Amino acid sequence: MKWSEQTWQTIEEKYNSILKMPFIKELSDGTLLLEKFKFYMAQDSLYLEHFGRTLSLIAAKIQDLQDVLAYMRFAENAIVVENALHESYFKDFGVTDKGILQPACHHYIHFLRSTAALESVEVAVAAVLPCFWIYREVGDYIYKNQNAINNPYQKWIETYGGDEFSIAVDQAIAICDKVAENTTEETRKRMTEAFITSTRMEYHFWEAAYQLKTWM
Ligand SMILES: Cc1ncc(C[n+]2csc(CCO)c2C)c(N)n1
């Protein structure tokens with residue numbers, strides 16, 4: 001079994017908990033309070049900048065030149081394409097100030113940054129993978145289960161439910177499987193641990209937005 005298949009099995013339960021989150025349910029049916037979505041968008045916009053920097057660091061370290069190009073594209077997409085979605089929502093919803101990094105986003109970003117800086121590149125690609133993979137699965141789930149006619153969050157739903165995004169996700173998974181195959185059992189274990197940690201933080205990112213959780 002591939003590393004990715006084995007690893008997804010270890011987070012299946014966590015993934016199902018994500019699907020049951022009120023944030024996800026209310027995003028699908030358009031009932032999510034605007035204040036919560038605005039909090040999420042502002043934090044996510046801060047997240048994307050650091051995520052893009054993390055992907056660039058991976059691009060600089062990964063061995064295969066085609067993989068360097070893939071992570072450079074992912075980094076550019078995170079900062080340019082995804083942020084365009086946020087900017088358009090900021091305009092629609094009148095957000096002028098993103099504010100500061102709040103605890104869940106701060107924790108996640110710093111985990112990714114330190115993993116990319118201090119761990120091996122194999123562990124780093126595994127740490128950023130839930131960001132792609134969980135978003136595709138959650139995006140597809142919401143896309144299929146949406147039931148609002150005029151959902152104010154439609155643009156978000158279309159961004160992550162689309163085919164173009166899915167190709168990038170498949171690439172990120174394939175790169176993880178390739179590096180996993182060429183490394184040691186010990187490193188594969190650390191890759192899985194990093195994947196699990198990021199999965200937990202994806203959960204907490206949505207939970208924090210739902211609870212509007214800020215520093216003291
Ligand atoms: C907390 C959080 N996690 C994942 C994503 C999704 N995402 C961000 S950048 C990127 C890859 C390059 O486009 C993907 C899939 C998000 N927006 N926010």
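Readers should treat all values here as calculations from the given coordinates under stated rules, not as data from a laboratory. Since this is a predicted model, take the numbers as computed values, not measurements. Cβ sites come from the backbone with ideal geometry, for glycine too, and all protein chains shown count toward neighbours.
Just one of (1) within 30 Å of residue 93 (Cβ to Cβ); (2) more than 16 Å from the ligand (Cβ to nearest atom) trips up residue 177, so point out which.
(1) is the only condition that residue 177 fails.
Take residue 85 and decide whether it is over 30 Å from residue 181 (Cβ atoms), in contact with a Cys (Cβ under 7 Å, 6 or more places away or on another chain) and part of a helix (DSSP H, G or I).
Taking the combined requirement at face value, the residue does not satisfy it.
Could you check the stretch 53-79 and list, in sequence order, the residues that are surrounded by 19 or more Cβ atoms within 10 Å (Cβ to Cβ) and near the ligand (Cβ under 8 Å from one of its atoms)?
Selection gives 55, 74, 75, 78.
Residues checked against (1) among the polar types (S, T, N, Q); (2) over 26 Å from residue 161 (Cα atoms); (3) out of contact with any Leu (no Cβ under 9 Å at 6 or more places or on another chain):
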| site | (1), (2), (3) |
| --- | --- |
| 64 | no, yes, yes |
| 72 | no, no, no |
| 75 | no, no, no |
| 82 | no, no, no |
| 88 | yes, no, yes |
| 93 | no, no, no |
| 96 | yes, yes, yes |
| 100 | no, yes, no |
| 108 | no, no, yes |
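When the stretch 1-25 is examined, which residues are found to be without any contact (Cβ under 8 Å) to a residue 60 or more places away in the chain and part of a helix (DSSP H, G or I)?
Residues of the stretch 1-25 without any contact (Cβ under 8 Å) to a residue 60 or more places away in the chain: 1, 5, 9, 12-13, 16, 20, 25.
Matches in the stretch 1-25: 5, 9, 12, 13, 16, 25.
As an exercise: evaluate residue 105 against (1) under 23 Å from residue 39 (Cβ atoms); (2) in contact with a Gly (Cβ under 9 Å, 6 or more places away or on another chain); (3) surrounded by 15 or more Cβ atoms within 10 Å (Cβ to Cβ) and give the number of the one condition it does not meet.
(2)
Which of the residues that make up the stretch 113-127 are within 22 Å of residue 49 (Cβ to Cβ) and either of a type in the set (Asp, Glu) or out of contact with any helix residue (DSSP H, G or I) (no Cβ under 6 Å at 6 or more places or on another chain) (or both)?
Selection gives 114, 117, 118, 119.
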